[in-house]
Amino acid sequence: MVFSSQLFLFLFLPSFLLLYYLTPNRHRNLAALLASLVFYAWGAPRFVFVLVGCAVLDYNLSHWVYQARTTASRKGWLATSIILNIGLLAFFKYANFGVEQFNGLLRLAGVAPLAWARVALPIGISFFIFHKISYMMDVYRGVTAPARRFSTYLLYLVFFPQLIAGPIIRYHDVAGQLDYRRHSADRFLSGIWRFCRGLGKKVLIANVLGEVVDFMFQTKLAAVTPLHAWIGMLSYAFQIYFDFSGYSDMAIGLGRMAGIEFLENFNEPYTAASFTEFWRRWHISLSNFMREYLYIPLGGNRVAPWRAYLNLWIVFLISGLWHGAAWTFIAWGAFHGLFLTLDKLFWLRVSARLSRLVTVPLTFLLVLIGWALFRSDHIAQAGGILLRMAAVTHASQSMPLWADVISNRATFVFGLAALISFAPAVPAVRRILVRVGALNTGGICIARHALALALLVLSACALANANFNPFIYFRF
Amino acid sequence: MPKTRHLAITLFCLLLALPAVQMLVKVVPEPTLTGVVSDAKRPPFEWRGVSRGDFQTGFETWLNQHMGLRAYAIRTDAQINLSCFRESSIKTADVPIVGRRNFVYARVYIDGFNRRRSTGLTAPEAFAQKLRRLQDGLRRHGKAFVFVIAPSKAEIYPEYIPPRFLDASPPCDDDSYLRLIAALRREGVWTVDGHAQFMKHKRGEPWLLFAPGGIHWLAYGAAFVLEDLTRALEAQTGHPMVHLECESIAAASAPESDDDVDIARLLNTWELPRWDVQVPRPRYRARAVNDVRRPHLLVVGDSFAFGLIDLMKRYDVLEGLDLYYYYSVHYRYPGGASSPLNKDGLEWEREVSSVDAVILEINEVQLDSAAWGFVDDAIKRLDAFPTGAPAGRSNPDGP
C-alpha cells in the first residue's frame, strides 16, 4: 500500500486516525502497531511472520547485549544480531543478483548455470533491517536502554509512516517519543500541512514527470535526440527528488498526526555546491546512519588520509548496493564516492573561492550524470543516454512525437519543479522564503491550511483520473 | 485562531472520510462518465488470495473504480487538463486530442495519419487479392459485394491537428493506402473509397464532413458514401434501389446529437470545448422508382457502419440488415438487437443465402486489421457449400 493511493487516503488513513484517537492514550502504541501490521500485511502478508519473527530474536538479543557482563559477550551478541540481519538482507535482496553473476561466470567457463528459484523481496526490508541495526548499536553503545516492551520495539520497526520508504529513524531519535508523546491540535495541523505537501509533490509533480522519464527510457536509444535525453534526465532528477522527498514529507506528516516527530530527510539538495553538501541535504537519514554506524566504526576521519578515502568509498559502495542489487547502483555509489573523495582532496578548498553560481550548477550536472546510472537498467544504457546528452552520437531512427516526449502538463510541472528546486539557491529568494516561513500570522496560517486542503483535493482528483482510461466504444 | 485550526482539522478529516461514506451510502448523485472500461470485480476474501497478494491487487483495482465522488474527481482533473493544458490524460488509443479551433481527434486516427506513408497495411496487394476471392465466392452464390473504406477525420482535416502530434520525419514513398487502392482497382474489387470521396467534397464544398467534436462522419458525409454504395449495388445486382436526394441544408452551430460530440465527451470535462464552426444538417428525400429493390444486407464493419445504417433506416432504403460489428458482435435490424457473434457456430450458408449483398466497411486507419479475420473465414466457408444463382455483372475494370 502506498500513501499516494485511494486505498490509503480514503480507507486506511481515516480508519487509522479514528482508531488511534478513539483509543485511550496509554494504548495508542498498540493501535499504531495494529494498523502498521495491517499496512505491512496488505503488501506482503507472508513476510509479516519473517518480520515479527526476527524482531522477537533481536529484541531478546538486545536485552542480552544490555545485560551482558563482559565486553566480549556484549560484542558477541551484537555480532550475532548484525550477522543475522545482514544475512537476512543479503538473502532476500542480493541472493538473486549474486546467483545471476555467478551463473554468468559459469557460462563464461562453459559450465551449466545453477538452477535457482528466485527469492521474493519483502517490502521495506532495506529500511527495517537498518532500523534493527540502529537499535542494536544504540543499545550496545549504551546510548539507550533496550525497549521495555516488545510491542514498543516492534512499533519502532514497523510504524507504517516510515516502514516502506523511510526516513531511516535511529532508535535513539524516537525512543523517548515511543514511550511518551504529547498530542496537540497544532502538531496535528502541522502534520496535515506536511502530509498534503508531500502528497502534492508525489502526485502532482513526481508522477507527471515520471511519465516523461518512462517514455524516454522506453524509447529505443537510436531514436533519442540530445534534447529528448536532456528533458528525460532532468525530469528524472526532479522526479526522484519530488517523489522521495514527497514520501518523506508524508511520513513526517503522518508521524506528527500520531504525535511522533521524525527528523528531516531532505533540505533543498539541488542547491548544494559540492557532493559533500549534497549528502548533507539528500536522504539525510541515510547519511546520518551511514556516518554513525559504518563510517565512524570504520575509523572515520581519525585514520590516515588514504584510509579515510577508502572508508568513504566503502561507505558509498555499500550505500549504492543498499539502493538496489544491480551494477548500476554499485557504479552510482562508486561515482559519488569518487566525488566525495575529490571534495576532501581539493575541491572543497577550491570551490570555497568560487561563486555558487558556478558550483551549484556544476554539482547538479554531476549529480545528474549519477542519476543516469541510477535510473538505467544497465550501465551501457546509462552510457548511451549520457552520450546522447553530450550530443556525441545522434538519433538514427525516426524521432518520437513531441507530444509523447513531454505533455503540456508535464512541461508546466517541469518548470515548476525546476523553480522549486533551484530558486532557494538565489540568496534573495532564500531570504524571502526564510522570512515567510518564520511568519506565523493568522493570514499565513489560514493560507497554509487552505493550500494543504487544496493540494489534497487536487491530488485526489489526479489519482482518480490516472486510474480512468476509457475507450470511446466497446469493441471486443 | 483555535477556531481556524479546528475547522482545518475537521475539513481534512471530512475530505478523507467523504469518499468512503459516499461509496457506502451515496450521499450525492454522481455524474456519469463517458467511455468504456473493463469492469473490475470485487475479489472474494480468501486466505489463499490474500497470501498471494491477488486479493489486495483485485480489491485496489475494484476500489479505484468504485470509490465515492470518483466522477467528480475525474471530471475536475480532466477539466484542469483541458482548460490549463488543452489535453487529456487518458492512456488508451482513443485518447481525445484537442486541436486547432477545438477540433477533437482520437489519437488512433492521428497515429494512422502519421504512419500513413510508412507502415499500416503491410501487404495491401495480398489483401486486395483476398477481397477479390471473397467477391468471386459471393458472386458464385449470387451475392453482391462492396468494400467500403471509411475516411479518418485526421486524414481529411489534418490542418487542425496540433503540431506537437505531427510526425516531422520525411514521408516514405511506400504509401500503403495508395498501394491498396491501386491493387483493388487491378483486382476489380467493387470499392467505395470514402477517403477520396471526402477529399473531393472537402475541396469543392464549404460544409464540414466530420463534426469538430465527433469521431465519425456526419450524416452529410456518410450520404455521399451511401450514394456510391447504392450505385455499386445497383450495378452488381441490376436492380434499382432507393437513392437519397438532398432537399436542403441548414447550418447548425451547436451539436445536435451525441454522435457529434462523442470524442469530445470522452474528455469527461465539466464543460465541452466551444466550437466556432457550423455543421451541416441536411434533409434528404428518398427517391425510388416503381420496381425499386430494398435489399437485405450483411454489413461487416466498425463504428462508422452505424452512420450508414442510420441513414438507410431513416429513409427506408433496406428490407433488413445484419451487422457483424468488428466481426465480434451481431446486430440485427430492424430493431438493432445485439448478441455476441459465435464465429465457430455461424451457419454461413443460411446467413449468406438470406442476404442480397455483403458490405465490408473498414476505416482507413484500420486497414491493417485484415477485416478482423472475416475475409479469411468467409473465403474458407463460402467454398465449402454449394453455389447458388450467378450474380449480376462482374467488374473486370474496377468500380
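So, in the stretch B:92-106, of the ones that are at the interface with another protein chain (Cβ under 7 Å from one of its Cβ atoms) and touching a residue at least 40 places away in the same chain (Cβ under 8 Å), which residue ends up surrounded by the fewest Cβ atoms within 10 Å (Cβ to Cβ)? Spell out the reasoning first.
Applying the first criterion (at the interface with another protein chain (Cβ under 7 Å from one of its Cβ atoms)) to the stretch B:92-106 yields B:92, B:94, B:106.
If we keep only those that are touching a residue at least 40 places away in the same chain (Cβ under 8 Å) as well, we get B:94, B:106.
Values: B:ASP94: 22, B:ALA106: 24.
The extreme case among them is B:ASP94.
Residues that are modelled with pLDDT of 85 or more and among the β-branched types (Val, Ile, Thr): which strands (runs of 3 or more DSSP E) entirely in the stretch B:92-189 hold 2 or more of them? Before you say what the answer is, go through the steps one by one.
Details: elements: B:96-98, B:104-106, B:144-150.
It comes to B:96-98, B:144-150.
I need the full set of residues from the stretch A:10-52 which are open to solvent by less than 20 Å² (accessible area, probe 1.4 Å) and among the aromatic types (Phe, Trp, Tyr), in order please.
A:PHE10, A:PHE16, A:TYR20, A:PHE39, A:TYR40
Looking at A:VAL2, A:VAL38, A:VAL99, A:VAL52, which one is of a type in the set (Val, Ile, Thr), within 30 Å of A:LEU458 (Cβ to Cβ) and either away from chain B (no Cβ under 14 Å) or without any contact (Cβ under 8 Å) to a residue 40 or more places away in the chain (or both)? Talk me through it step by step, then tell me what you get.
Details: A:VAL2 fails: either away from chain B (no Cβ under 14 Å) or without any contact (Cβ under 8 Å) to a residue 40 or more places away in the chain (or both); A:VAL99 fails: within 30 Å of A:LEU458 (Cβ to Cβ); A:VAL52 fails: within 30 Å of A:LEU458 (Cβ to Cβ).
Answer to the selection: A:VAL38.
Of the conditions (1) open to solvent by 20 Å² or more (accessible area, probe 1.4 Å); (2) of a type in the set (A, V, I, L, M, F, W, C); (3) within 22 Å of A:VAL38 (Cβ to Cβ), A:PHE195 fails just one. Which one is it?
For A:PHE195, the exception is condition (1).
For the stretch A:148-156, state whether one or more residues are of a type in the set (A, V, I, L, M, F, W, C) and crowded, with 22+ Cβ neighbours inside 10 Å. Full working, then the answer.
Residues of the stretch A:148-156 that are of a type in the set (A, V, I, L, M, F, W, C), as a first pass: A:150, A:154-155.
Filter once more, so that each one left must be crowded, with 22+ Cβ neighbours inside 10 Å: A:155.
Yes, the stretch A:148-156 has at least one match.
Would you mind finding the one in B:ALA264, B:ALA219, B:ALA211 that is closer than 21 Å to B:GLY99 by Cα, of a type in the set (A, V, I, L, M, F, W, C) and touching an Asp or Glu at 6+ places or on another chain (Cβ under 8 Å)?
Testing whether each residue is closer than 21 Å to B:GLY99 by Cα, of a type in the set (A, V, I, L, M, F, W, C) and touching an Asp or Glu at 6+ places or on another chain (Cβ under 8 Å) leaves just B:ALA211.
Among the numbered conditions (1) free of Cβ contacts under 8 Å to residues at least 60 places away in the same chain; (2) open to solvent by 50 Å² or more (accessible area, probe 1.4 Å), tell me where B:PRO43 comes up short.
Among (1) free of Cβ contacts under 8 Å to residues at least 60 places away in the same chain; (2) open to solvent by 50 Å² or more (accessible area, probe 1.4 Å), B:PRO43 violates only (2).
Cβ-Cβ below 9 Å, separation at least six or inter-chain, first residue in the stretch A:272-290 and over 22 Å from A:ARG349 (Cα atoms) and touching a residue at least 12 places away in the same chain (Cβ under 8 Å), second open to solvent by less than 20 Å² (accessible area, probe 1.4 Å) and among the aliphatic types (A, V, I, L, M): which pairs?
A:HIS283/A:ILE168; A:SER285/A:ILE168; A:SER285/A:ILE169; A:LEU286/A:ILE168; A:ASN288/A:ILE168; A:PHE289/A:ILE133; A:PHE289/A:ILE168; A:MET290/A:VAL315
Which one of these is touching a Leu at 6+ places or on another chain (Cβ under 9 Å) and away from every other protein chain (no Cβ under 14 Å): B:LEU321, B:LEU346?
Details: B:LEU346 fails: touching a Leu at 6+ places or on another chain (Cβ under 9 Å).
Within the list B:LEU321, B:LEU346, the selection yields B:LEU321.
Does the stretch B:60-72 hold any residues that are free of Cβ contacts under 8 Å to residues at least 24 places away in the same chain and either at the interface with another protein chain (Cβ under 7 Å from one of its Cβ atoms) or under 22 Å from B:LEU14 (Cβ atoms) (or both), and which are they?
Here is the first cut: in the stretch B:60-72, the residues free of Cβ contacts under 8 Å to residues at least 24 places away in the same chain are B:60-63.
Correct list: B:GLU60, B:LEU63.
Which pairs do you get when a residue that is in contact (Cβ under 8 Å) with a residue 60 or more places away in the chain and closer than 15 Å to A:MET290 by Cα, found in the stretch A:123-147, comes within reach of a residue that is open to solvent by 10 Å² or more (accessible area, probe 1.4 Å) and among the charged types (D, E, K, R), reach meaning Cβ atoms under 9 angstrom, with the pair 6+ apart or on two chains?
Matching pairs, first to second residue: A:SER126/A:LYS93; A:SER134/A:ARG170; A:SER134/A:ASP173; A:SER134/A:GLU292; A:TYR135/A:ARG170; A:MET137/A:ARG170; A:MET137/A:GLU292.
Residue by residue through the stretch B:76-91, note down the ones that are within 8 Å of chain A (Cβ to nearest Cβ), open to solvent by 40 Å² or more (accessible area, probe 1.4 Å) and either under 21 Å from B:VAL277 (Cα atoms) or modelled with pLDDT under 90 (or both). Show your work before the answer.
At the first step, the residues of the stretch B:76-91 found to be within 8 Å of chain A (Cβ to nearest Cβ) are B:76-78, B:80-81, B:84-87, B:89-91.
The next check asks that each one be open to solvent by 40 Å² or more (accessible area, probe 1.4 Å); those that pass are B:76, B:80, B:84, B:86, B:91.
Matches in the stretch B:76-91: B:ARG86, B:LYS91.
Within the stretch A:176-187, work out how many residues are among the aliphatic types (A, V, I, L, M) and either more than 14 Å from chain B (Cβ to nearest Cβ) or part of a loop (DSSP other than H, G, I, E, B) (or both).
Qualifying residue count, the stretch A:176-187: 1.
Could you check the stretch A:150-175 and list, in sequence order, the residues that are modelled with pLDDT of 90 or more and not in a helix (DSSP H, G or I)?
Scanning the stretch A:150-175 gives a single hit, A:PHE159.
Quickly run through the stretch B:1-51 and pick out the residues that are charged (D, E, K, R), part of a helix (DSSP H, G or I) and at pLDDT 85 or above. Lay out the reasoning, then the answer.
Within the stretch B:1-51, the subset charged (D, E, K, R) is B:3, B:5, B:26, B:30, B:39, B:41-42, B:46, B:48.
From what's left, part of a helix (DSSP H, G or I): B:3, B:5, B:48.
Correct list: B:ARG48 only.
Restricting attention to the stretch B:188-220, and to residues there that are without any contact (Cβ under 8 Å) to a residue 24 or more places away in the chain and not hydrophobic (A, V, I, L, M, F, W, C), which single residue is most open to solvent (accessible area, probe 1.4 Å)?
Taking the stretch B:188-220 as the starting set, the residues that turn out to be without any contact (Cβ under 8 Å) to a residue 24 or more places away in the chain are B:196, B:200-201, B:203-206.
Now restrict to residues that are not hydrophobic (A, V, I, L, M, F, W, C): B:200-201, B:203-206.
Numbers: B:LYS200: 121, B:HIS201: 25, B:ARG203: 181, B:GLY204: 65, B:GLU205: 55, B:PRO206: 119 Å².
So the residue we want is B:ARG203.
Between a first residue in the stretch B:2-25 that is more than 17 Å from A:CYS196 (Cβ to Cβ) and within 7 Å of another protein chain (Cβ to nearest Cβ) and a second residue that is part of a helix (DSSP H, G or I) and open to solvent by 40 Å² or more (accessible area, probe 1.4 Å), which pairs have beta carbons less than 8 Å apart while being 6 or more apart in sequence or on different chains?
Close Cβ pairs (under 8 Å, with a partner that is part of a helix (DSSP H, G or I) and open to solvent by 40 Å² or more (accessible area, probe 1.4 Å)) amount to B:ALA20/A:LEU11.
Restricting to the stretch A:316-337, what's the tally of residues that are more than 18 Å from A:LEU294 (Cβ to Cβ) and open to solvent by 40 Å² or more (accessible area, probe 1.4 Å)?
Residues that pass the stated criteria total 1.
The values are calculated or read from the model by the stated rules, or taken from the named source; none is laboratory data. Predicted model only: the values in this text are computed from it and were never measured. Backbone-built Cβ (ideal geometry, glycine too); neighbour counts: all protein chains shown. The area values use the complete protein model at the heavy-atom level, side chains included, leaving out ligands, DNA and RNA. Shrake-Rupley method; radii C 1.70, N 1.55, O 1.52, S 1.80 Å.
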